[in-house]
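Following: one structure in structure tokens, then a few remarks.
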Amino acid sequence: MTQSVKVRVQGMVFQVKTEEGEAYGHALASYVEDIMVEITRHAKMQGSDRIAIMTALSIADDLLQFKKSIAKNMTTSNEKVQALIATTDQLLNG
């Protein structure tokens, strides 16, 4: 069931809809807040729009790297399964 959770990021309150519950909504906000603070600290940027966009880019990079890692692991797993099938076929038929 979708739940609406009030969260705070950079002093602003947002309503987040989530099926994962209140704690998850707060964890999302905390994750975004942490990245925004880190970007602000290292980039010494001014302007919340620029910081928000850099945060979005950082999160998008994390997501794409994660997807790439999963795809690589799936390929490796599929190769291992195919090798096991071939070995099993050889043992049973050969």
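The values are calculated or read from the model by the stated rules, or taken from the named source; none is laboratory data. Keep in mind it's a predicted model, so treat the numbers as computed, not measured. Quick reminder, even Gly has a Cβ in these numbers, built from the backbone with ideal geometry, and neighbours come from all protein chains shown. Ligands, DNA and RNA are stripped out before the accessible areas are found, and what is left, the full protein with its side chains, is counted by its heavy atoms. Shrake-Rupley method; radii C 1.70, N 1.55, O 1.52, S 1.80 Å.
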For the Cα atoms of the chain, what angle does the longest principal axis make with the long axis of helix 22-43, in degrees from 0 to 90, nearest 10? 70
Averaged per residue, what accessible area in Å² does the chain show with a 1.4 Å probe, protein chains only? 81
Where nothing but the Cβ of Lys and Arg (+1) and of Asp and Glu (-1) is charged, how large is the charge dipole of the range 1-56 around its Cα centre, in debye to the nearest 20? 260
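In what sequence, highest mean first, do 52-64, 1-13, 73-85, 24-36 appear when ranked by Cβ atoms within 10 angstrom? Mind dumping the intermediate values first?
Details: 52-64: 13.2, 1-13: 11.6, 73-85: 10.0, 24-36: 16.2.
Descending packing order for the listed peptides: 24-36, 52-64, 1-13, 73-85.
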Can you work out ³J(HN,Hα) from phi for every residue in the range 71-78, in order, using Karplus 6.51 cos²θ - 1.76 cosθ + 1.60 and θ = phi - 60°, giving whole Hz and x for Gly and Pro? 4, 5, 5, 5, 4, 4, 4, 4
P(r) for the chain, please, calculated from all Cα pair distances in 5 Å bins and given in %. 2, 12, 13, 13, 13, 11, 8, 6, 6, 5, 5, 3, 2, 1
If you roll a 1.4 angstrom probe over the protein chains with everything in place, what fraction of the accessible area of the chain belongs to carbon and sulfur, to the nearest %? 59
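On a full-extension model of 0.36 nm per residue, what is the gain between Arg8 and Asp62, subtracting their alpha-carbon distance, rounded to one decimal in nm?
17.2 nm
Based on Cβ point charges of +1 for Lys and Arg and -1 for Asp and Glu, what charge dipole magnitude is obtained for the chain about its Cα centre, in debye rounded to the nearest 20?
Working: 10 positive and 11 negative charges, 51 e Å.
With Lys and Arg at +1 and Asp and Glu at -1, about 240 debye.
If each DSSP helix of 4+ residues adds -39,500 (n - 2.57) and the sum is divided by the residues in the chain, what number results at 222 nm, nearest 500 deg cm²/dmol? Spell out each step's value before the answer.
Details: 2 runs with 68 residues, N = 94.
Value at 222 nm, helices only: -26500 deg cm²/dmol.
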Show the residues, 5+ positions off or on another chain, whose built amide H is closer than 5 Å to the amide H of Val5. Val16, Lys17, Thr18
